[in-house]
1. Could we say that Ala12 is small (Gly, Ala, Ser) and assigned to a helix (DSSP H, G or I) here?
2. Residues being surrounded by 12 or more Cβ atoms within 10 Å (Cβ to Cβ) and either of a type in the set (Lys, Arg) or closer than 17 Å to Thr66 by Cα (or both): count how many of those fall in segment 17-35.
3. If the Cβ limit is 9 Å and pairs must be 6+ apart or interchain, which residue in segment 182-208 that is modelled with pLDDT of 80 or more and among the small types (Gly, Ala, Ser) pairs with which residue that is outside any loop (DSSP other than H, G, I, E, B) and surrounded by 12 or more Cβ atoms within 10 Å (Cβ to Cβ)?
4. Would you call Val177 more than 28 Å from Gly313 (Cβ to Cβ) and of a type in the set (A, V, I, L, M)?
5. Take the residues in segment 19-60 that are among the charged types (D, E, K, R) and out of contact with any strand residue (DSSP E or B) (no Cβ under 8 Å at 6 or more places or on another chain); name whichever of them is farthest from Asp188 (Cα to Cα).
6. Look at segment 134-156 and say how many of its residues are in contact with a Phe, Trp or Tyr (Cβ under 7 Å, 6 or more places away or on another chain) and aliphatic (A, V, I, L, M).
7. When only residues in segment 81-113 that are among the hydroxyl-bearing types (Ser, Thr, Tyr) and touching a strand residue (DSSP E or B) at 6+ places or on another chain (Cβ under 7 Å) count, which is farthest from Leu185 (Cα to Cα)?
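The values are calculated or read from the model by the stated rules, or taken from the named source; none is laboratory data. Since this is a predicted model, take the numbers as computed values, not measurements. Note: ideal-geometry Cβ built from the backbone for every residue, glycine included; neighbour counts use all protein chains shown.
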Amino acid sequence: MKSEERLRRSIAACALESPNVLQVQIRPEWKPKMRLWPSKVGNPLGGFDLAFRMKGDGGITVAAETKWSTGRKVDALDETPWDVIKLVHVRATVGGVRWALLITAAPTAAFELARYAQMFDENLIETREMLSLNPHMYELDAKSRPLKLPPYVQSSPAFRVGFELAGKPWEIRLASVRTNGEPWLDCDEVGWPLDAGTASLLDWPHPEPGLGMENDDGEVRVSAAWPPAPLPTSQLRAEDLPGPHATWAEIVGFAHRHDGYARHGDGLADLANRSAEDFAREHGIDKTLPVDDLRSCLFFEARRYRHRGHTPGYDASMYVRALVEEIGQAAASAKPTRGEQGEPPSLQP
């Protein structure tokens with residue numbers, strides 16, 4: 001069995017362990033009709049490597065293309081733009097498809113050098129520029145060609161994991177891809193976008209929701225009990241904290257049970273930004289921060305993304321969930337101390 005096929009089967013097996021996944025289609029490949037990319041008779045457009053149906057959905061809602069790259073010369077990483085334009089087409093033109101995922105396994109060094117490594121990061125690129133990085137792309141694939149292409153393609157990281165193979169560091173990177181900009185551009189017979197002669201209108205680029213926060217769709221569902229009742233840290237219990245798979249709305253509700261502005265005033269932004277920068281650099285939460293400061297940082301993140309108008313992306317979601325976990329651990333190990341002037345005890349690590 002080839003390495004890429006093993007990768008697909010492993011992904012499918014892991015996905016089916018989730019209670020939210022009802023079906024994963026590998027063989028035969030899922031081949032939906034795409035109105036702006038018709039399949040040519042005699043040389044049809046290939047299907048998608050993986051297709052997922054989630055519980056509660058009436059059909060396929062997630063399409064994915066997988067690649068196994070050795071990192072040598074022209075290989076799977078050079079086929080990235082072909083996969084990307086297929087994926088953005090299916091997401092934009094096939095009803096019900098909500099996610100289009102690019103999944104690639106390659107040596108870490110190959111990702112660092114690849115022309116298309118940016119497609120696995122938070123990125124917005126003009127479609128012409130992406131295609132120009134591999135001008136011979138269409139020569140390597142089927143003769144079916146898109147009739148139209150979006151002016152821009154946007155990507156967001158969704159998952160990344162490292163492993164060792166034959167003594168070398170490897171990574172599996174997963175990115176979500178989608179279109180940006182209107183109107184779509186007509187293509188020539190080769191599949192290259194023509195000059196529209198008019199400026200493209202773009203949506204304001206923002207990250208895809210991070211893992212486990214997808215259902216919120218960028219909005220916080222406010223209940224009749226908003227704002228939530230304040231919860232002093234001294235009274236914080238394990239069951240009060242959002243779980244490891246909590247939605248963004250649940251995290252926001254918990255975050256607002258602590259008023260970071262009241263505790264830190266104008267210094268809140270400096271505290272929260274410093275904490276986020278430390279996490280990005282050290283890949284962990286600063287364990288010297290008191291529980292109340294950790295809660296203030298979480299409160300600030302809730303306010304930050306409220307003003308940005310979307311949920312946190314992949315990297316920010318990792319930080320937010322790490323904050324929630326650290327708040328729980330710090331509160332559990334904290335010792336009550338008597339507050340001044342008869343105030344109730346507060347927890348300090």
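1. In short, yes.
2. Qualifying residue count, segment 17-35: 6.
3. Within 9 Å, the pairs are Gly191/Ile85; Gly191/Leu131; Gly191/Met137; Gly191/Tyr138; Gly191/Leu149.
4. So Val177 does not fit the description; no.
5. Ranking the candidates gives Arg27 first.
6. 3
7. This residue is Thr108.
Residues are listed down the side, and each one gets a yes or a no for (1) part of a strand (DSSP E or B); (2) of a type in the set (Val, Ile, Thr); (3) more than 29 Å from Gly59 (Cα to Cα):
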{"site": "Pro81", "(1), (2), (3)": "no, no, no"}
{"site": "His89", "(1), (2), (3)": "no, no, no"}
{"site": "Leu102", "(1), (2), (3)": "yes, no, no"}
{"site": "Ala105", "(1), (2), (3)": "yes, no, no"}
{"site": "Leu131", "(1), (2), (3)": "no, no, yes"}
